[in-house]
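Input: a single structure, listed below in structure tokens.
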Amino acid sequence: MILDILPLAGGTARLVRVYGGEPCVKLPGAVPAPEGEGQWPITELGDYCFSEKPRGLPGPEKICRYERAEDGTLCLTRAFGRDVGGKERYSFDFDAPAAPAQDDELHPICGNFLAEVTLPDSLRVIGSCTFYNCRRLRRVTLGPGVEGFGSDLFTNCRQLQTFRLRAAADAPTGLKKLLGAVSADITVELDGAQLFYPEYSEFLDENTPAHIFNHSIEGEGYRYRQCFDGSVLRFAEYDAAFPQACVGESEKTLCRIALDRLCIPYALLPEAQGIYSAYLAAHAASAAAPLIARRDTESLQLVLKLADEENRRQIALACSQSGWSEGAALTLGGQRPRRQKTYDFDDL
């Protein structure tokens, strides 16, 4: 992996571009400064950093390039337009060591190539359009200290499914701002908790000729994204939104919300637990369908504890139809159904 770094005032750095051959990227928290001047913590992701068509990248005379060795160490290969040996980038000294790879020889990790990214705890700012058109990006992992978010971060990230925050469930984080950048379905994983945020849509209509603009929001996802006290997530408010969500959200969405809260019941009050349990009991077959598809035995066991006999029968049938014999056996209590004895009276 190769990193292009722009030094910033105060001894920090901005990551402007990443190159390599793997679609899942784990970024370092710091890079060594040139000439042994300590470390530069990576505190920012530059605008269009992972976009296929970046705009306004700094020239080679302003950046430092690092290459990650097999042992994980970062080696400086170019500093402000010169290689580490002090020669110009475009030297014609054929006796000199081979120069670092040119930009047109490198494979950027961007656009449809990027699948997962793990950001360091040192990061504080994610620039505008950082993941623009990363259509296969599935998962973003980051620390609790990101406070600045640019615009259009995840535009056209159609397969984005999960935000993973390395933070305690009750700790201050930038989650509220991060969720504000995504209006589609998204799962949030925290240390000790997991929450599902459904999609919502915003519309701005103009009433002509009066030129009056009406702003409308559809979907309970917006309400769920407001369940914060400053930068701290409020689980009681999140749970209190469920009865209202039952009015307009789909059965599939409601099952996901309820199941995530019951599987990892962080700060789950008894009243909310009862509401979620009652909903899953009434819709156990629907709740089990995605669990059967991904062979999630642990979650299926929770659903089965709440399911009545009819729902268990439907779940067992669905397991059999999908070819999941383990799930079918689990649904039937780990035992095969006993065959009835038959008698042929003509043989007596």
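The values are calculated or read from the model by the stated rules, or taken from the named source; none is laboratory data. Computed from a prediction, not measured in an experiment: that's the story for all the values here. With ideal geometry, Cβ positions are generated from the backbone for all residues, glycine too; neighbour counts draw on all protein chains shown. SASA here: full protein model, heavy atoms, side chains in, ligands and nucleic acids out. Shrake-Rupley method; radii C 1.70, N 1.55, O 1.52, S 1.80 Å.
Condition first: within 30 Å of residue 172 (Cβ to Cβ) and crowded, with 17+ Cβ neighbours inside 10 Å. Can you find one or more residues in the stretch 203-220 that meet it? For the stretch 203-220, residues within 30 Å of residue 172 (Cβ to Cβ) and crowded, with 17+ Cβ neighbours inside 10 Å: present. Of the numbered criteria (1) under 15 Å from residue 119 (Cα atoms); (2) surrounded by fewer than 23 Cβ atoms within 10 Å (Cβ to Cβ), the one residue 15 fails is (2). Taking helices (runs of 4 or more DSSP H) as the structural unit, those lying wholly within the stretch 208-316 and holding at least 2 residues that are in contact (Cβ under 8 Å) with a residue 40 or more places away in the chain correspond to 235-240, 251-263, 297-306.
Filtering the stretch 121-147 down to residues that are more than 14 Å from residue 54 (Cβ to Cβ), open to solvent by 10 Å² or more (accessible area, probe 1.4 Å) and in contact (Cβ under 8 Å) with a residue 60 or more places away in the chain, which residue is nearest to the chain's Cα centre (by Cα)? Filtering first and then ranking leaves 136. Of the listed requirements (1) under 30 Å from residue 246 (Cβ atoms); (2) modelled with pLDDT under 95, residue 325 misses just one: (1).
Considering only residues in the stretch 312-330 that are open to solvent by 20 Å² or more (accessible area, probe 1.4 Å) and within 18 Å of residue 281 (Cβ to Cβ), the one that is nearest to the chain's Cα centre (by Cα) turns out to be 318. Considering the stretch 139-164 alone, what residues qualify as being part of a loop (DSSP other than H, G, I, E, B) and either among the aliphatic types (A, V, I, L, M) or in contact with a Ser or Thr (Cβ under 7 Å, 6 or more places away or on another chain) (or both)? Answer for the stretch 139-164, where residues must be part of a loop (DSSP other than H, G, I, E, B) and either among the aliphatic types (A, V, I, L, M) or in contact with a Ser or Thr (Cβ under 7 Å, 6 or more places away or on another chain) (or both): 144, 146, 150, 151, 152, 153, 160, 161. Scanning the stretch 53-69 for residues that are open to solvent by less than 40 Å² (accessible area, probe 1.4 Å) and within 15 Å of residue 83 (Cα to Cα) yields 59, 63, 64, 65, 66. Quick check: is even one residue across the stretch 227-245 among the acidic types (Asp, Glu), closer than 24 Å to residue 163 by Cβ, open to solvent by less than 80 Å² (accessible area, probe 1.4 Å) and modelled with pLDDT of 95 or more? Among the residues of the stretch 227-245, at least one is among the acidic types (Asp, Glu), closer than 24 Å to residue 163 by Cβ, open to solvent by less than 80 Å² (accessible area, probe 1.4 Å) and modelled with pLDDT of 95 or more, which makes the answer yes.
Scan the stretch 165-202 for residues that are among the polar types (S, T, N, Q) and either open to solvent by less than 10 Å² (accessible area, probe 1.4 Å) or part of a loop (DSSP other than H, G, I, E, B) (or both) and jot them down.
Scanning the stretch 165-202 gives 173, 183.
Filtering the stretch 32-52 to residues that are open to solvent by 40 Å² or more (accessible area, probe 1.4 Å) and within 22 Å of the chain's Cα centre (by Cα) leaves 44, 47, 52. Selection of the stretch 41-58 for residues being farther than 21 Å from residue 111 by Cα and out of contact with any Leu (no Cβ under 8 Å at 6 or more places or on another chain) yields only 41.
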